[in-house]
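For reference, the structure is listed below as structure tokens.
The values are calculated or read from the model by the stated rules, or taken from the named source; none is laboratory data. All figures in this text were calculated on a predicted structure; none of them were measured in a lab. We place every Cβ from the backbone using ideal geometry, glycine too, and count neighbours over all the protein chains shown. These area figures cover heavy atoms from the full protein model, side chains too; ligands, DNA and RNA do not enter into them. Shrake-Rupley method; radii C 1.70, N 1.55, O 1.52, S 1.80 Å.
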Amino acid sequence: VSTQSRSHKKKSSDDDDDDEVKRKYGRPISEESCTSEGGSWVEFLSYLEVLKDVTSESACAAAQSKDKRNKISWSKLRSDDAAEVCVVQAPEVMCGPAPWSRVNHLGNAGGPGPSPNASRVEVDMPHFPSGDAKRCVLRLRYNISTSDYDGWNTDASSNNDDDVIENDPEIDVLGNGEEMELALNTAQTGRTFQDRSHVFEVLPRMDSMDGKTIHNLNVRGKRGNIVQTFPATEYDFIPDRLVVKKDTDLVHVQWTGSNTHDNNNDGDAGEGEDGTDRHNLLEMTSLDESYPLKITDADFWSGVQSLTDTGATGEDIAIGLATSGFYCAKRETDQCPASLSLAKKRKLNDKLDNAPASYFGHVLKFTKAGTLFYMCSRNNNFSNRSQKGALWVED
């Protein structure tokens with residue numbers, strides 16, 4: 001939807017001293033009903049941002065020619081505006097079938113390969129041509145519906161109609177007047193569950209990232225055992241299997257956590273201090289094992305560079321990921337002060353309790369093909385939960 005319309009009710013002279021009645025929005029839902037009530041129909045353009053430095057229609061068209069994802073046009077933000085500006089609109093809404101799973105199943109869904117994953121959708125991050133940092137909100141929810149009534153044509157005006165379903169209806173299945181009661185709650189037949197919102201920030205790309213695909217490698221799930229985290233999951237890396245191309249792909253390794261996790265008093269099973277999230281990433285020889293390699297014996301990092309800390313060596317990157325940024329490098333770098341390096345800082349707690357809960361990590365560039373099997377030393381709890389992953393870098 002490219003426009004949103006609202007009605008403006010004209011203010012009479014009697015309203016001048018009435019702060020409660022200045023303008024009324026949204027009562028009429030069509031232009032005809034709006035104008036019939038003496039209002040003015042105004043259309044608003046839905047957009048990502050306005051390119052303020054682009055001041056002509058030709059320059060706006062040039063910006064569109066460089067953008068393969070968004071729609072950029074020389075338009076009015078409101079239909080009653082006098083001036084036009086260069087407006088960036090989001091791509092078409094993505095709409096498609098969800099991964100297949102059996103009814104009421106909260107585990108893995110159908111997918112390619114022998115090991116399908118939990119239901120998910122992979123999306124591109126929003127692109128802002130201005131290059132400005134943007135604060136975004138991600139809203140997640142799932143809906144439930146039924147075919148027991150005509151959901152597209154049923155609303156409040158249908159109340160008391162014979163074809164509207166009711167709670168716990170009694171049905172004469174046998175045809176002899178003996179009725180059977182169905183376990184049906186109409187409050188459940190069309191509703192939204194698990195409505196969650198998350199705030200994140202999209203940062204502008206560095207010049208060294210131009211033309212590259214950046215894959216986000218982070219952590220999902222929450223603290224607790226399988227029962228305590230339901231209907232969510234325990235900690236895991238996401239994606240836990242990732243294949244990238246050496247010359248065209250980058251990987252941003254990062255994660256977020258909390259020091260005030262209470263799980264709604266449902267339990268707090270896990271390692272380290274109660275109520276805390278901690279993660280790290282350590283190279284290992286095989287996913288079949290439970291022991292990481294010493295960083296000095298881990299050879300994957302010799303083919304890795306950081307675009308967000310260009311002075312960091314592969315060993316520096318490995319140290320930062322292994323300690324969740326408690327040590328940002330082995331030694332001082334452009335982005336790591338000496339006081340926070342391995343050589344200078346205080347001792348790391350063996351459960352990472354004194355490490356940061358959230359970690360910005362690194363945007364990684366790869367200089368050679370290779371395979372990284374990795375694990376989290378704190379949360380990979382044999383027989384309880386596996387927090388491991390694999391990254392394949394191909395030529």
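In table form, for the structure just shown:
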quantity: Quarter of the Cα convex hull surface for the range 339-378, i.e. its orientation-mean projected area (nm²); calculated: 4.5 nm²
quantity: Solvent-accessible ranking of 347, 365, 246, largest area first, probe 1.4 Å; calculated: 347, 365, 246
quantity: In Å², nearest 10: area of residue 178 left accessible to a 1.4 Å probe; calculated: 110 Å²
quantity: Gyration tensor verdict on the range 67-157 (Cα atoms; rounded if a/c is under 1.5, prolate if a/b is larger than b/c, oblate otherwise); calculated: oblate
quantity: Test item: Cα-centred dipole of the range 232-303, Lys/Arg +1 and Asp/Glu -1 on Cβ, debye; calculated: 460 debye
quantity: Within the accessible area of the range 165-247 (1.4 Å probe), percent carbon and sulfur; calculated: 50 percent
quantity: Relative contact order (%) - the range 104-242, alpha-carbon pairs under 8 angstrom, separation at least six; calculated: 23 percent
quantity: Cβ-derived FRET efficiency at R0 56 Å, residue 59 paired with residue 153, nearest 0.05; calculated: 0.75
quantity: Dipole magnitude of the chain about its Cα centre (Cβ charges: Lys, Arg +1; Asp, Glu -1), debye to nearest 20; calculated: 2400 debye
quantity: Unmatched cysteines, the chain - criterion: no other Cβ of a Cys under 4.7 angstrom; calculated: 34, 95, 136, 376
quantity: The range 302-360 - percent of accessible surface contributed by carbon and sulfur, probe 1.4 Å; calculated: 50 percent
quantity: Whether the range 274-337 is rounded, prolate or oblate, judged on the alpha carbon gyration tensor where a/c under 1.5 counts as rounded; calculated: oblate
quantity: Share of carbon and sulfur in the accessible heavy-atom surface of the range 29-147 [1.4 Å probe, %]; calculated: 52 percent
quantity: Spin-label zone in the range 47-72 - amide nitrogen under 20 Å from a point set 7 Å from the Cα of residue 136 along the C-beta vector; calculated: 47-52, 64, 66-72
quantity: FRET efficiency estimate (nearest 0.05) - Cβ-Cβ, residue 164 to residue 384, R0 51 angstrom; calculated: 0.60
quantity: Beta bridges by DSSP in the chain, antiparallel share as percent, to the nearest 5; calculated: 85 percent
quantity: Whether the chain is rounded, prolate or oblate, judged on the alpha carbon gyration tensor where a/c under 1.5 counts as rounded; calculated: oblate
quantity: Relative contact order for the chain, counting Cα pairs under 8 Å that sit 6 or more residues apart, in percent; calculated: 11 percent
quantity: Which of 375, 94 is most accessible, then next, and so on - probe 1.4 Å; calculated: 94, 375
quantity: Theoretical gain in end-to-end length, residue 286 to residue 127 [0.36 nm per residue, Cα-Cα removed]; calculated: 53.5 nm
quantity: Residue 32 paired with residue 340, simple spin-label distance in nm, labels 7 Å along Cα-to-beta-carbon; calculated: 6.3 nm
quantity: Per residue value of the accessible surface for the range 198-332 (all protein chains in place, 1.4 Å probe), Å²; calculated: 50 Å²
quantity: Solvent-accessible surface (1.4 angstrom probe) belonging to residue 173, in square angstrom, nearest 10; calculated: 100 Å²
quantity: Accessible area (Å², per residue) of the range 339-384, counting only protein heavy atoms and a probe of 1.4 Å; calculated: 53 Å²
quantity: Members of 345/368; 222/368; 245/388; 222/294 lying beyond 30 Å, as alpha-carbon distances in this model show; calculated: 345/368; 222/368
